[in-house]
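Notes follow once the structure below has been shown.
The values are calculated or read from the model by the stated rules, or taken from the named source; none is laboratory data. Note that the structure is predicted; figures quoted are calculated from it, not measured. FYI the Cβ positions are ideal-geometry reconstructions off the backbone, even for glycines, and counts take in every protein chain you see. What goes into the accessible areas is simple: the full protein's heavy atoms, side chains included, and nothing from ligands, DNA or RNA. Shrake-Rupley method; radii C 1.70, N 1.55, O 1.52, S 1.80 Å.
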Amino acid sequence: MSMTRYACMQALAPRLKDELVILSLGGSVDEWYNAAPHMRPASLFQQQLGCVTPQAFGLAAGLPHRRVISLDTDGGLLFNLGILATLGNEQPANLFIVVWDNECYQSIGGPPTHTAAGRVDLAAIARGAGLEQAHTARTLDEFDAHCAAGLAADVPYLVVAKVATGLQPGIKRKHSDGREDKYIFVRHVEATEGITIMGPSEHN
Amino acid sequence: MKQTAVDAVLRGMQRAGVSVACYLPDSLFRPLYPAMDASTGLRTIPVTNEGEGAAICGGVFLSGKRAVLVMENSGLRASVEPLARMGLGAGIPVVMLMSYRGEMGENNWWAIPHGITMEPVMQALRMPYRIVREEAGIEQAIIDAYEWSYSAYYHSAVVLGGEVVR
């Protein structure tokens, strides 16, 4: 596979402005931090398998007028395939899911995931779970076209990006932890939605 | 579970400002699930496992809405990984309402593990909880769980046991 995750991120990032992003894991966190600096407060950086798309769906359910993007991974989605069935039933109109499928657990050195053998097709699984708009992109042009379609869709839209295993060289590390990232993200949602999520304590 | 207990749960959720309920149905709460489905102002999201439900609830928290995860207490074990990551790692809270399977009086062998593991698992997560066995305490327990979780930004649980669910 010659398409890189970082090049895909560079294609996706300029398309985003008011959207909210939840992402994981490992190297993709640092790559998104570099590829989309304007989306830093609008992005929740997570380090967990199986939670990213469910969290993004919860966010999309709470803010149905706002486009939410899940930047998930092959390992992360495989950890909890059940979310695809839930999305198939719930049909969130404002959720765009990108699955970075590098066919390995890159952050721990690259042992293969179940997609590496060539038989497991995540987009086909998603279609079978009821997500009619579930596709696989193998070139940057294909990926970019799916981003355009997915960000304008009125149904849940999933694209599996088959990407190379390498990490983009020369990028900066993100130094914040999950708690700081949560506060940055929540304050951004509060400011842009005009709401209070984590309010002041009572005086009593 | 009596209808009056179901009504008390719904009143507690309403007073706590809950607008989304994720659930995996169980037998002790059987009448609660259709009642939640029919409740005005409450969106229900059936899930495939409780861990998925916990993560969805975490996402709802980030939107400014309030969610609850409703399940049998066996679902707590299925939720430990996302609960630990979200709660201890990021301070994203999930409030849970669970039925107490496996408490004293349990007559199903398969439910015994649920009773033995429930409290130690919640204690391992350093998660406060209240076990409610009288209907009169249900509504306030739910309200108190939200007050605590939205002060601590950490998980809490209300466990319904005894005659409330039998």
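For the reader, a short list of remarks on this structure follows.
- Point-charge dipole on Cβ atoms (K/R +1, D/E -1) for segment B:1-106, about Cα centre, debye to 20: 380
- Farthest toward positive dipole pole in segment B:3-164 [+1 Lys/Arg, -1 Asp/Glu at C-beta], among B:V164, B:N108, B:A35: B:A35
- Dipole check for segment A:70-144: with +1 at the C-beta of Lys and Arg, -1 at the C-beta of Asp and Glu, and the Cα centre as origin, the magnitude is about 220 Debye.
- Candidates A:I22, A:I125, A:I108: whichever shows maximal mean-square fluctuation once chain A is modelled as a Gaussian network with Cα springs under 10 Å: A:I108
- Both numbers refer to the Cα atoms of segment B:1-63; Rg and Dmax are 11.7, 34 Å.
- In the context of the full set of protein chains, residues of segment A:5-193 present 38 Å² of accessible surface per residue (probe radius 1.4 Å, heavy atoms only).
- Proximal lysines relative to A:K174, as straight alpha-carbon distance under 20 Å, when same-chain residues fewer than 8 apart are discounted: A:K182
- Residues of type aspartates and glutamates that A:K172 reaches as a straight line, Cα spacing below 20 Å, ignoring anything fewer than 8 places off in the same chain: A:D30, A:E31, A:E180, A:D181
- Descending semi-axes in whole angstrom, ellipsoid equivalent of chain B, from the Cα gyration tensor: 21, 19, 14
- The relative contact order of chain B, computed from alpha carbon pairs under 8 Å that lie at least 6 residues apart in sequence, is 27 percent.
- Relative contact order, percent, segment A:36-169 [alpha-carbon distance under 8 Å, six or more residues apart]: 24
- Contact surface A-B: accessible area buried, both sides summed, square angstrom, 1.4 angstrom probe: 2300
- Radius ratio Rg over Rh of segment B:79-162, counting only Cα atoms, Kirkwood formula for Rh: 0.99
- Within segment A:1-69, all pairs of alpha-carbon atoms sorted by distance into 10 Å bins from zero give the percentages 21, 52, 26, 2.
- Taking only the Cα atoms of the protein assembly as shown, the radius of gyration and Dmax are 20.7, 64 Å.
- Values of log10 I(q)/I(0), in the order q = 0.17, 0.24 Å⁻¹, for segment A:1-117 under a Debye, Cα-only, solvent-free model: -0.82, -1.47
- Value of D in µm² per second that Stokes-Einstein yields for segment B:37-117, Kirkwood Rh from Cα pairs, at 20 °C (1.002 mPa s): 157
- Taking 4 °C and 1.567 mPa s as conditions, chain A diffuses translationally at an estimated 76 µm²/s according to Stokes-Einstein applied to its Kirkwood radius (Cα pairs).
- Farthest toward the positive end of the dipole of segment A:45-163, out of A:G150, A:A61, A:T115, is the Cα of A:A61, where the dipole comes from beta carbon charges about the Cα centre.
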